[in-house]
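Down below is the structure, laid out as structure tokens.
The values are calculated or read from the model by the stated rules, or taken from the named source; none is laboratory data. Everything numeric here is computed off the predicted structure, so don't read it as measured data. Note that we place each Cβ from the backbone using ideal geometry, even for glycine, and neighbour counts take in every protein chain shown. We work out accessible area using only protein heavy atoms, side chains counted, and drop any ligands, DNA or RNA first. Shrake-Rupley method; radii C 1.70, N 1.55, O 1.52, S 1.80 Å.
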Amino acid sequence: MQFETLLGGERVNLPKPSIDTGMGLERISAVLQGTHDNYATDMMRGLIRASAEASGVAADGPHKVSHRVIADHLRASCFLVADGVLPSNEGRGYVLRRIMRRAMRHAQLIGCREPLMWKLVPALVREMGQAYPELIRSEALISETLKLEETRFRTTLVRGLAILDDESRDLRAGQALSGDVAFKLYDTFGFPLDLTQDALRARNISVDTDGFAASMQLQKEAARKAWSGSGEAATETVWFGVREKVGATEFLGYETEEAEGFVAALVKDGAVVETLALGEKGQVVLNQTPFYAESGGQVGDTGVLHSGVPPSGGVRFRVTNTLKKLGDLFVHEGVVEAGSLKTGQALELSVEHERRARIRSNHSATHVLHEALRRVLGDHVAQKGSSVSQDRLRFDFSHTKPLSDAEIAQVEAISNRVILQNEPVVTRLMDQQAAVESGARALFGEKYGDEVRVVSMGRNLSEPGLPQRFSVELCGGTHVKRLGDIGLVTIVADGPVASGVRRLEAKTGAEARLHLAEQARKLHEIASLLKTPVDKTAERLTSLLDERKKLETDLAEARKKLAIAGGGTAAKKIGHVSLIALDGRDLAMKDVQSVVAQANAAQPHSIVTFINLSADEKAGLVVGVSKDLTDIFNAVDLVRLGAAPLGGKGGGGRPDMAQAGGPDGANVQAALDAIEAAIRSKIATP
């Protein structure tokens, strides 16, 4: 602000121009509550009190600043997560991660050895949940996210502080840590610059931020050089000129899969050309097109651009993919199959119908699944990415735990109930703000213009308090006309993608039926092999697995007894020491130490060697020394001597039991001889 406007319109320069008044919620609260300290307001004192109680550290003592940082950053973190932001290493997710980690660093400074932030979420919800109900809806996700992030960060913090202490040990007050070291902490160990500065501030040591920035710039330049040399960058610049010359492509694909258009531009090998000859690959830009360009997770359309009847003057261009450049330029990639293609040529445009139909089904199914997941898992579920192709769909969403079989079954059941309604899919064009205010969900990471497409699907499943329509989302993709066109949806995979993000894969329609039929065929085949009815396969398999486990246990015990019994005849007396050599090809290494210990216990003054050969002739060696000999012989020393002929290096264990191995199983006797020689060197034999 620069002026004060007086009555009559006269403007007077302000004595202190500023950006704004700075009268945010905290300062207004402070004025109303008669304090000059934002952190003395009732809202912030409530969070600070919760931090003090959870940590057991006084709120107004030496750690007053830490409690304030925790309270302030807790609030910011919770609101960001409630808005759909999750910690990551880029973009707004990185901003959230830095906010979280600064608060977590202060939790560590006040002596907390367990995650603290997530325990304070209920206090924030009590303070602000009534005014901001999204906090209540997302409380579970916020708590899980904070707990997971703090648990992970503690490993980073301990490792980073150890390196920082080592690198700054010789620095004195007033000196600065090298920017190279600070960047190494950041780049290699995930230790942000502001945390490095915080950790050194108490010792009055600064950080060479110019050096840090220089190291960062060097890394960026190296990355930029590698990218510019990839070959793709050189071809991308061509689209700026094409867009400026021919303008945006008009998309007709919501209403039709066939249309007419003319060639606005041709590109081959990154350069604009006038003609594409027979057999040449290139890219075609049209004035208008029914081909959907890859975006929003939906793959691009394929099909044919053609005119006339080849070979007498006809042309045919096979579209293998459709891409979107610069936001509104549709680029058709493919090859000339007949004739030659020229700029300005009029063409008939035909999208591959069957493929488009499958893609539509899968895309519509992602909307239904999204809402079904919210109904089953909670309102914190939000889309974090998707991929929609002709044979399956992939849907990423915010959730911190694996889905149980019951939850997956419930999501499928809800989705298929909605699909069976066979309701028309309704699409409306609306102002973006009005669309969001009407309840339409804006999907994560998507960019929208002033006018948006609002896609509504299905009726509410008679659940009180929910909107009349089952799913309402902003979406620019193509969809089925009626929900029944999807046929059915079945989930085929569930797994993690990143911290707090899970992924479902599903199939619809014919692909779903084929998948379920194949699953049923395999189940009947298993039942036939088990000679049991299909509905009894689980019980039969459980019984067989129990039997197998018992047999494996019995077999292992028998092999151990056999190995011990075989060693009795192989004992060799060396003075007062009995050297017992055991061997076995089928005994599991986890049982070998038990066998050696039993053999040692059965005979005093004994040293037991056990060599186990695997199928590929690798040798495992275990040496046991009875307790009454450990003052003379060390099992670790003996096993290392035996490992050398086997091609092994080292070995480890205790003085009475050690283990090693090597790849040269043919040298078993040499290994035993080396151990025997070491024993003889310490004992005078008669």
query: To the nearest 500 deg cm²/dmol, what mean residue ellipticity at 222 nm is calculated for the chain from DSSP H runs of n ≥ 4 alone, each contributing -39,500 (n - 2.57), summed and divided by the residues?
result: -14000 deg cm²/dmol
- request: With a 1.4 Å probe and every protein chain left in place, tell me how much accessible area D391 has, in Å² to the nearest 10.
  value: 70 Å²
- prompt: Which of the peptides 546-554, 36-44, 283-291 is most tightly packed, and how do the rest follow, going by the mean number of other Cβ atoms within 10 Å of each residue?
  reply: 283-291, 36-44, 546-554
field: For region 587-686, alpha-carbon Rg relative to the globular expectation (2.2 N^0.38 Å, N residues)
entry: 1.00
task: Could you grab the relative contact order for the chain? Cα pairs under 8 Å, six or more apart, rounded to a whole percent.
output: 6 percent
- line: Expressed in nanometres to one decimal, the distance between label points 7 Å along Cα→Cβ at R355 and D37 is 6.8 nm
- prompt: Based on the Cβ-Cβ distance of T532 and D405, what FRET efficiency does E = 1/(1 + (r/R0)^6) give at R0 = 30 Å, to the nearest 0.05?
  reply: 0.90
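If I take every Cα pair under 8 Å that is 6 or more residues apart in region 179-219, average their sequence separation and divide by the length, what percent do I get for the relative contact order?
54 percent
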statement: With R₀ set to 45 angstrom, the calculated FRET efficiency between the beta-carbons of D391 and V95, to the nearest 0.05, is 0.75
- prompt: Against the longest principal axis of the chain, how steep is helix 353-377, in degrees 0 to 90 to the nearest 10, with axes from Cα atoms?
  reply: 70 degrees
task: Any chance you could give the angle, 0 to 90 degrees and rounded to 10, that helix 589-602 forms with the longest Cα principal axis of the chain?
output: 20 degrees
field: Debye intensity ratio I(q)/I(0), log10, region 270-415, q values 0.10, 0.11, 0.16, 0.17 Å⁻¹ (C-alpha model)
entry: -0.48, -0.55, -0.85, -0.91
Whole-Å distance, taken between Cα centres, linking region 117-189 and region 234-275: 48 Å
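In debye, nearest 20, what is the charge dipole magnitude of the chain about its Cα centre with +1 on Lys and Arg Cβ and -1 on Asp and Glu Cβ, if you could check?
1540 debye
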message: Please list log₁₀ I(q)/I(0) at q = 0.14 Å⁻¹ for region 255-327, using the Debye equation with identical point scatterers on the alpha-carbon positions.
response: -0.48
- prompt: Over what distance in Å are the Cα centres of region 610-625 and region 343-365 separated?
  reply: 64 Å
task: With a Förster radius of 25 Å, plug the Cβ-Cβ distance of A277 and V304 into 1/(1 + (r/R0)^6) and report the FRET value to the nearest 0.05.
output: 0.90
- prompt: Going by alpha carbons, how many degrees (0 to 90, nearest 10) lie between the helix axis of 64-82 and the longest principal axis of the chain?
  reply: 60 degrees
- prompt: What are the ³J(HN,Hα) values, in whole Hz, obtained from phi via the Karplus relation 6.51 cos²θ - 1.76 cosθ + 1.60 with θ = phi - 60°, for each residue of region 517-529 in sequence order, with x given for Gly and Pro?
  reply: 5, 5, 4, 5, 4, 5, 5, 5, 5, 5, 4, 5, 5
message: Which one, A82, A54, L587, projects farthest toward the positive side of the charge dipole computed for the chain from Cβ point charges (K/R +1, D/E -1)?
response: L587
- prompt: Hey, got the Cα dimensions of the chain along the principal axes, in Å, largest first?
  reply: 117, 82, 57
- prompt: Full extension from A666 to T256: what is 0.36 nm times the residue separation minus their Cα-Cα distance, to one decimal in nm?
  reply: 140.3 nm
